[in-house]
Structures are given as structure tokens and as C-alpha cells.
Ligand SMILES: [Zn+2]
């Protein structure tokens, strides 16, 4: 919801945003990048962003909307033509200042999604990338390197799904250390939360196209489709994850988190 507001401000959209006008775009974004829930509840982010103090929802008569329950039904937002606005001093700032929008974008992306998804989310919203601050980049690189070495070792420097082990001049090529429970959600840099994955299967894991069963086998989402998906995804369904002998299994807590919050079952 915040990213959608940033994108709208960048496009010079009006400061008052009607629920019925946001619903479709918000649905698409939730379906693609939100947690795998049954019904898409666009009314929840539209309503609950108010608790952050940067968003006010009013009815058609411009009176702050009140509802009886803590979660308003969608029908209430539609029939009363709920319209939200960012307080003018904030809206003016993000509308005017592309650097501020970029900084907020980077913070929100880092806080809520793993880096494999950032580019796709930015493109879906047509938001441009900020300059990363040098200090953050260094800290992040240092952290990533030690985690990567550890995880590649526990998986024998092969993709745990497809066994890809490509190297370029001796160094692993397009082989990542993936967090099962995302780092931005509190998942630790630990071997029982890490899998070596080729770049493709890393993205597939973070998007929920593949998951992990309780018996530590690969699961492939039934929602995957496309002519080449047998070759790239489906044939690995049910296969045990590739890990070095003696490597710790993935912690069940992280596996359950991924199944609940990411996997498109
Ligand atoms: Zn792979």
C-alpha cells in the first residue's frame, strides 16, 4: 500500500485516492507479491495504513470514516465511496522529491522482501532505484559473504533443487545462498535456514513457486504453468533437497514459515 502511494505520487496522481480506483492495482500487487492468502483483501491495507499516521480515510462527504468492527467489510468502503489521502505536508514532499521517494522505496523493499524480488516489485510499480548508501552496501556485502560461504558448503556448492554447480574461473557462477525464512522477516544467517540455489530456483523459492515439505523435499506449486516448466520445475517435485552429508537439516520453524507466508500451495 505504501509503495503504491509512492508510485502514485511519482506519477502526479491526485492526492485523494478512492478505494474503488486503487482496488484493481492493489489486488494485482497483493496477488503477485503478497502472502498466499485465500481471498485478496485489499480493504485491509487500505484501512489499516491509517494506524501509521500517514493516511486518512474519509467517506463521500469528506467525513472521517468510522466502522463498527476493526476490519471494515469491502462493501462499506465501496458504498460509502471511501477515499484516502496522505496528509498534505507528506504528500507534497514525496510528490516533489524523487530522492526521498527512492529512499523510502529502498527502505520498504529491504524491510519486507528479499532482494530477489526487489526488481520485479519496482518494475510492477514503475518505481526507480535509489543510490544505495555506501555504508549499508558494505555491511550487507560482508554479511552476505560469510552466510554464502557457509551455506554453499552445507550444500556441496550445488543447487539444492537441480544440482547445478556451474563455475567461472573456479568461482561459483549464479549460485546463491537463499534464506528459507527471509532475512528481512527475522530469518537468521544460519545453515539451518539456508539453501544453496541457482539463481532461477532462488527466485522460484522466494516467489513461492517452489516450497519445502516437512520431510525436507522439494514441493512445486500447483499454480505453476508454462511449456518448459516440467524441465525447470515440475520434475523436481518430491525430490529430497541436496545437502552435504552431516549438514544440519533445515529447522522446521523456518520451513513452516515459508509454507505459511510464501509458498503458493
Ligand atoms: Zn537450481
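Every number in this text was worked out from the coordinates using simple rules, so none of it is lab data. Just so we're clear, the structure is a prediction, and the values are computed from it rather than from any experiment. Here the Cβ is made from the backbone with ideal geometry for all residues, glycine too, and neighbour counts use every protein chain on show.
Things worth noting here:
- Two-site label geometry, residue 75 and residue 39: point separation in nm, points 7 Å out along Cα→Cβ: 1.0 nm
- Rel. contact order, % - alpha carbon contacts under 8 angstrom, at least six apart, the chain: 17 percent
- For segment 65-117 versus segment 159-218, the inter-centroid distance based on Cα atoms is 32 Å.
- Against the chain, whose longest principal axis comes from its Cα atoms, helix 252-261 is set at around 40 degrees.
- Helix 98-112 vs. the chain, principal-axis angle (Cα, 0 to 90°, nearest 10): 50 degrees
- Arranged from fewest to most other beta-carbon atoms within 10 Å of their beta carbon, 184, 155, 162 become 184, 162, 155.
- Shown here: segment 134-261, whose C-alpha atoms stretch 42, 35, 33 Å along the first, second and third principal axes, sorted largest to smallest.
- Extended-chain gain in nm, criterion 0.36 nm per residue less alpha-carbon gap, residue 189 and residue 108: 27.1 nm
- The calculated FRET efficiency for the pair residue 13 and residue 199, based on their C-beta separation and a Förster distance of 45 Å, comes to about 0.80.
- Computed from the Kirkwood radius of its Cα pairs, the Stokes-Einstein diffusion coefficient for segment 2-125 at 25 °C and 0.890 mPa s stands at 161 µm²/s.
- Set against the 2.2 N^0.38 Å expectation for a compact globular protein, the chain has a Cα radius of gyration ratio of 1.15.
- Which of 58, 260 has the fewest Cβ neighbours within 10 Å, and the rest in rising order: 260, 58
- Theoretical FRET efficiency, 1/(1+(r/R0)^6), r = Cβ-Cβ of residue 216 and residue 150, R0 22 Å, to 0.05: 0.75
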